[in-house]
Amino acid sequence: MKMMSGLRLLVWELWLPILIVVVWYFGSESSKSPYFPPLSRIWKAFVDNWFGPGFVHDVVPSLTNLAFGLAVALVVGVGAGLLLAMFPLAADIADPFLQFFRAIPALAVLPALFIVFGTGSTGNVAAIAFGAVWPILLNTLDGIRSIDPSIRLVARSYRIRTPLLVTQVLLPGAMPQITVGIRTSLAIGVVIMVGSEMYVSTAGIGHFVIVAQQTFAIADMWSGILLLGIIGYVLNLGYGVIERWLLRWQPRTHDALAVKGN
Amino acid sequence: MSSTESAASIPAVELSGLGVTYGGPTGREVLRGIDLSVAPGEIVCIVGHSGIGKSTLIRCIAGLQKPTTGEVRIAGIAIDAPPATLALVSQDYGRPLMPWLRVGENVRLPLRGNGLARKVQNERVSDALAVVGLGGAARSYPWQLSGGMQQRVAIARALAYRPQVLLMDEPFASVDAQTRAELEDLLLTLQRDLGITVLLVTHDVDESVYLSDRVVVLGGTPALMQDIVDVPLTGARDQLTTKADPLFIECRTRVLSAIQQSKVVAPVS
């Protein structure tokens with residue numbers, strides 16, 4: 001079986017979204033609804049807002065908070081997951097607490113977090129980190145636990161030292177699950193980024209959207225929502241590249257079939 | 001050569017009164033009173049029915065499991081953890097390789113973090129892979145190799161580690177007959193060239209006689225040492241002529257009858 005070339009794949013993925021945008025653009029041109037302005041107006045607002053000062057005022061702070069929040073979640077999640085996996089007794093004790101904190105919707109913790117960390121960007125970062133840490137932590141823990149016992153046995157019998165054990169055995173072995181956790185955390189992070197900005201903030205895309213809505217700047221509001229959709233999509237796409245690199249040792253499905261067929 | 005002689009007087013592996021019971025004093029007794037002394041450079045096979053405790057025995061010798069009674073001495077020193085001079089090749093090929101490390105890195109991993117220069121590591125890795133006939137496979141991932149080739153990588157990893165004692169738990173159980181014969185001969189060649197001590201578990205009687213200086217037969221519940229069969233075959237062994245040698249057939253018959261007797265007289269505790 002031949003793989004579809006990159007270009008063909010791109011065309012195959014893009015033709016429908018492009019068609020929808022074109023239909024939307026011309027179909028909405030005569031719209032008189034105050035809630036659903038023509039796409040041409042939304043697009044003009046989009047260009048004015050996001051290719052102008054709005055980029056520095058709103059997009060940069062939002063994405064900076066997201067990046068810091070996810071970075072904290074990644075370090076804490078992988079680190080704590082690793083430690084808990086290496087000390088099973090601690091993991092047993094911690095388990096009910098983990099399940100409890102994970103079950104709290106991060107948005108519900110926002111008021112408390114903003115009291116502790118203040119309403120500056122530290123509060124946003126803390127909120128994103130709090131929401132995004134759980135999938136990474138639990139997937140790291142579970143990923144290390146589910147490493148094949150015979151691999152752990154080999155590591156033990158060759159007396160592999162702890163730093164090597166962590167970097168060459170435990171983390172790569174858990175990586176297929178850690179990457180799943182990160183993907184979930186990415187989505188949660190974007191939700192909390194927007195939510196926390198809507199709740200209390202003086203900048204950011206979420207703040208922009210809520211202010212636009214409250215001042216009946218409907219085209220601006222839609223332009224913010226559109227931007228958030230694009231950001232989410234691009235993040236996911238970019239993360240796919242990172243994920244493929246992290247798991248570059250895994251056989252692609254068609255390669256594995258070819259080897260088995262030998 | 002007096003130093004060699006005095007070293008030779010200390011057994012490479014010594015088991016005394018080794019017993020294993022799972023699940024406390026009232027639990028299931030698997031092994032009882034195993035006494036065995038393996039001289040340096042000797043190759044000894046352990047045979048017995050499947051499930052009799054052969055793998056348990058090998059895990060005890062590898063320092064991966066604590067025996068309930070008795071002790072294991074490697075080069076005269078009682079062990080309670082995996083000793084540095086010992087390497088284990090376990091039975092399920094493929095899985096014990098780290099799928100995320102290329103073949104060369106799999107072989108290198110046990111050599112890292114021991115203060116061994118990178119250059120020396122590289123030499124040992126490429127030497128070991130060349131010896132098992134996989135000189136060109138260092139950059140491949142394990143899944144790109146066949147089962148037999150993956151088992152060769154596991155053997156190469158053990159060789160690169162330069163153990164004094166090589167433990168093998170049914171190392172050729174999952175490969176096809178042709179590969180199996182090749183790996184058996186490879187093991188004999190390596191063992192002769194490097195002078196390492198080999199303890200190998202198998203359920204294949206022909207294999208045990210073909211490879212061994214001595215065959216240890218385990219039998220009964222709990223498993224006791226039923227018999228130790230000396231295999232006085234001299235000179236290089238060969239898949240065709242050795243296996244047709246009357247001496248080979250005699251040894252094989254002795255091992256087989258010991259296994260069958262162990263089944264009949266299995267004591268019930």
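Where a number appears in this text, it was derived from the coordinates with a stated rule and is not lab data. As the structure is a computational prediction, the values presented were derived from the model and not from experiment. Note: ideal-geometry Cβ built from the backbone for every residue, glycine included; neighbour counts use all protein chains shown.
Brief remarks on what is shown
- Ellipsoid equivalent to segment B:51-201 - semi-axes via the Cα gyration tensor, in Å: 24, 19, 14
- Each Lys or Arg adds one and each Asp or Glu subtracts one; over the other residues with Cβ under 11 Å from the Cβ of B:Leu111, this totals +4.
- Secondary structure note: in the protein assembly as shown, about 55% of the DSSP beta bridges are antiparallel.
- Kyte-Doolittle mean at least 1.0 and Cα axial length at least 27 Å: DSSP H helices in chain A: A:6-27, A:60-86, A:171-199, A:218-246
- The alpha carbon centroids of segment B:194-238 and segment B:16-74 are separated by 15 Å.
- Sorted peptide list for B:74-81, B:9-16, B:168-175, A:24-31, criterion being average Cβ within 10 angstrom, highest first: B:168-175, B:9-16, B:74-81, A:24-31
- More than 17 angstrom apart: percent of Cα pairs within segment A:144-262: 70
- Inter-chain shielding of A:158-166 (mean C-beta neighbours from other protein chains, 10 Å cut-off): 4
- Net +/- balance of residues flanking B:Leu188 in space, Cβ distance below 10 Å, scoring K and R +1, D and E -1: -2
- Around B:Arg139: net Lys/Arg minus Asp/Glu count, Cβ-Cβ under 11 Å: 0
- Distant alpha-carbon pairs in segment A:41-246 (separation over 27 angstrom), percent: 40
- Evaluated at q = 0.30, 0.31 Å⁻¹, a Debye calculation over the C-alpha positions of segment B:63-109 (equal weights, vacuum) places log10 I(q)/I(0) at -1.13, -1.17.
- Nitroxide proxy distance, nm - points 7 Å out along Cα→Cβ at B:Thr241 and A:Ser28: 8.8
- Cα→Cβ-extended label distance, 7 Å offset, between A:Thr184 and B:Thr26, nm: 4.3
- Efficiency of FRET between A:Tyr35 and A:Asn236 - r from beta-carbon atoms, R0 35 angstrom, step 0.05: 0.80
- Theoretical gain in end-to-end length, A:Leu7 to A:Val211 [0.36 nm per residue, Cα-Cα removed]: 69.4 nm
- Entry for segment B:96-162 at q = 0.15 Å⁻¹: log10 I(q)/I(0) = -0.37, Debye formula applied to identical alpha-carbon scatterers, no solvent contribution.
- Hydrodynamic radius of chain B per Kirkwood, over alpha carbon pairs, in Å: 19.3
- Shielding by partners - mean other protein chain Cβ count within 10 Å, residues of A:147-155: 5
- Degrees, to the nearest 10: B:177-194 long Cα axis against longest axis of chain B: 80
- In terms of packing, defined here as the mean over residues of other Cβ atoms within 10 angstrom, the peptides A:205-218, B:204-217 line up highest first as B:204-217, A:205-218.
- Seen from all directions on average, the protein assembly as shown presents a Cα convex hull projection of 33.9 nm².
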